[in-house]
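Q: Take a look at the following structure, please.
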Amino acid sequence: MSSIVQLEGVNKYFGKNHVVKDLNLSVEEGEFLTLLGSSGCGKTTTLRMIAGFEEPTSGSILVEGQAVEEKEPFERNVNTVFQSYALFPHKTIYDNIAYGLKMKKVPRPEIAQRVKEIMALVQLTGFEERYPSQLSGGQKQRVAIARALINRPRVLLLDEPLGALDLKLRKQMQLELKRLQRKLNITFIYVTHDQEEALTMSDRIAVMHDGILDQLGTPEEIYEQPQTKFVATFIGETNIFEGNIKELAMGRVAVRIENGVIRGCGYGFSRNEYITVSVRPEKMRFSPVPVKGFQLEAQVKDYVYVGSVVKCIAVLQNGMEIKMDRLAGEELPEPGSIIHPWWEEKDAVLLHNPENQVLEMIDSMPLV
Amino acid sequence: MKRKKRERNRKRLSALFCALVYLFLFLPISVIVVNSMNATTSKPYLSWKGFTLDWYVKLFDNSSLLQSFGNTMVIAIVSTLLATVIGTLGAVGMYRYKFKGKALLDGLLYIPVVIPEIVLGISLLTIFALVDIPRGMLTLILAHVTFCVPYVIFNVRARLAGYDSSIEEASLDLGANRIRTFFEITLPVLAPGIAGGALLAFTLSIDDVIISYFVNGQTKTFPLKVMESIKSGVAPDVNALSTLILLGTIVLVVLTQSDLLKIKKKVKR
Ligand SMILES: Nc1ncnc2c1ncn2[C@@H]1O[C@H](COP(=O)(O)OP(=O)(O)OP(=O)(O)O)[C@@H](O)[C@H]1O
Ligand SMILES: [Mg+2]
């Protein structure tokens, strides 16, 4: 495998607004890479720079090993599925989908054949003569996908391509897209808000936050070993605790938080450092009696049944809610009872807190 | 009961009002049509002397009148074409690019529209005299292009307001170069705005009197010719030509409004 798209130190400013910050990203050939991040974090801008609609303020972009700064969008072997569909309103669905092939001067019979195939694939057979204004949002989206995919580009950029679909169709299209991507061996750079979609479809996920690439890794790495607080909270549910390290021995860490003491393990931390601890609800345990090493007390508030899982919520003295997931059918403490939250030390993820470094310095200064 | 009656009265009243408005609009036109078939031969050609189509025959002997009509058509067609191309490119350019002083430029566009035509006429005449262009067909066309361009720009710009430029990006993305994209995507989508602008330019050019009056030299346009002959009352052959123009306009309107064009499009596919 070699990298087919490379971003090297890419920065983008809109006026004074720094939208993409020193982005380094290497996308492997045939890979399904997802850009995941909250609204406005620069995902679309990143795609647009790869497609050639926006110029990076600095840094360089390579596609198939070649710098593309000088290349017009129509010279790049990259196709885009636009966030806003961007269907041609004056052309029929057939002509919309056939557009790319027509521009490449593919013979008519072949165009007809390929359009027919792709329309069947996105379940739009029979819509050939309609105009985009006569389609629903989901149908438009599928036309947009078909229109890009039919060109069999080396790299396909997809900007939230399933955003307007209902859950069932969305799941179905997710599988379909993934299958197509495998079959045609196209590199996908996929943008989404939806973390579940990102986790199930991607080979790797790039989590962006305020224009910065927070973490790049497989779905498992991103979920199990988040490297920043943002990643931990953005991907899946989690319980976040913050406090100073009280004890530190052989990678085992005790942290003093507002309401007590918790534990975890990790290396590279220092005594008194102010850190963030993230514990997934499925790793959380509630014990009726105090657990050695933990000093935490909460009152069980509520249960929510979500199909096969029961979400249990307990409240600390300071009002903070603690979430625990259990399989339905397991024995659970009574609502209103006092419990002691704890977890296996290895199940807690410890994170440095760069924003708090200054505070920390002030804290650790000797009192005069 | 009472309410129903009131309702009925109101309906009658609005029907009457509507009828009056239409009468007001169409009475003058019908006078021309009727008078064009008036057999009278004595000035000021107003008293009804019976039905005739003679004027329509005579019309084709009046070579100077026909000549002026020909001039008007040539000027209207050429200046519409020029104004449409210039106006469309201008509107697209001003939509697409951001530059310093754009707002000022936008505002300036209204000036040729709002200043009295007489001022524009004098200014144009002064310029043509200064750079010494002989007054005639050429100056007429230049003048007409001048006052038509802003209208085309306004029309195209109105269309651009609801225009999603990402379809152009999609076209580029799919391998069409910029020129191809312009003709495949931009132009067809803007077509209704462009056509509207062109139609407006065409009508403005056809019935312009004041500006043409300043810059025409020896060349007579149809409105100028009519103005000239009005001193001796509107001759029925002028009415005849006006009626024919009216007929042409009606045919054009019916054609564009009906589904005729749409049917043609379907056949093509
Ligand atoms: N053409 C532009 N001019 C100025 N600012 C822009 C432009 N395009 C985007 N921005 C700004 O850049 C930031 C990133 O925008 P971008 O569209 O990349 O976000 P996104 O991650 O795709 O968000 P979403 O998930 O909502 O689509 C936003 O703050 C946006 O306001
Ligand atoms: Mg976006």
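The values are calculated or read from the model by the stated rules, or taken from the named source; none is laboratory data. What you see is a predicted model, and the numbers here were worked out from it, not measured in a lab. We place every Cβ from the backbone using ideal geometry, glycine too, and count neighbours over all the protein chains shown. These area figures cover heavy atoms from the full protein model, side chains too; ligands, DNA and RNA do not enter into them. Shrake-Rupley method; radii C 1.70, N 1.55, O 1.52, S 1.80 Å.
Q: Give the residue, chosen from A:Gln113, A:Gln83, that is more than 21 Å from B:Leu187 (Cβ to Cβ) and within 16 Å of ligand 2 (Cβ to nearest atom).
A: Just a single option satisfies the conditions, and that option is A:Gln83.
Q: Which of (1) of a type in the set (Asp, Glu); (2) within 14 Å of another protein chain (Cβ to nearest Cβ); (3) more than 16 Å from ligand 2 (Cβ to nearest atom) does A:Glu176 not meet, given it meets every other one?
A: Going through the list (1) of a type in the set (Asp, Glu); (2) within 14 Å of another protein chain (Cβ to nearest Cβ); (3) more than 16 Å from ligand 2 (Cβ to nearest atom), A:Glu176 breaks only (2).
Q: Given segment B:95-190, what helices (runs of 4 or more DSSP H) lie entirely inside it while holding 2 or more residues that are within 14 Å of chain A (Cβ to nearest Cβ) and hydrophobic (A, V, I, L, M, F, W, C)?
A: Result: B:166-173.
Q: Restricting to segment A:77-86, and then to whatever is facing another protein chain (nearest Cβ under 7 Å) and touching a residue at least 12 places away in the same chain (Cβ under 8 Å), can you tell me which residue is nearest to A:Ser133 (Cα to Cα)?
A: Of everything passing the filter in segment A:77-86, A:Ala86 is nearest to A:Ser133 (Cα to Cα).
Q: When both residues are 6+ apart or on different chains and their Cβ atoms are under 6 Å apart, which pairs have a first residue that lies in segment A:40-69 and is away from every other protein chain (no Cβ under 11 Å) and at positive phi, and a second that is within 12 Å of ligand 1 (Cβ to nearest atom) and open to solvent by 40 Å² or more (accessible area, probe 1.4 Å)?
A: none
Q: Starting from residues that are more than 8 Å from ligand 1 (Cβ to nearest atom) and open to solvent by less than 40 Å² (accessible area, probe 1.4 Å), keep the ones in segment A:13-25 and report whichever is farthest from A:Glu196 (Cα to Cα).
A: Ranking the qualifying residues of segment A:13-25, first place goes to A:Leu23.
Q: Condition first: within 16 Å of ligand 2 (Cβ to nearest atom), surrounded by fewer than 18 Cβ atoms within 10 Å (Cβ to Cβ) and modelled with pLDDT of 90 or more. Now tell me which residues in segment A:185-211 satisfy that.
A: A:Asp210, the sole residue that qualifies.
Q: Just checking, does segment A:20-29 include any residue being of a type in the set (A, V, I, L, M, F, W, C), away from chain B (no Cβ under 14 Å) and within 16 Å of ligand 2 (Cβ to nearest atom)?
A: yes
Q: Would you please name the residue that is nearest to B:Thr181 (Cα to Cα), looking only at residues in segment A:99-111 that are more than 9 Å from chain B (Cβ to nearest Cβ) and loosely packed, with under 13 Cβ neighbours inside 10 Å?
A: A:Lys105
For every residue, the table says whether it meets (1) buried (at least 23 other Cβ atoms within 10 Å of the Cβ); (2) touching a Lys or Arg at 6+ places or on another chain (Cβ under 9 Å).
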position	(1), (2)
A:Gly37	yes, yes
A:Lys43	yes, no
A:Phe53	no, no
A:Gln66	no, no
A:Lys71	no, no
A:Val78	yes, yes
A:Ser84	no, no
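Q: Are any residues in segment A:235-246 modelled with pLDDT under 90 and buried (at least 19 other Cβ atoms within 10 Å of the Cβ), and if so, which ones?
A: A:Ile235
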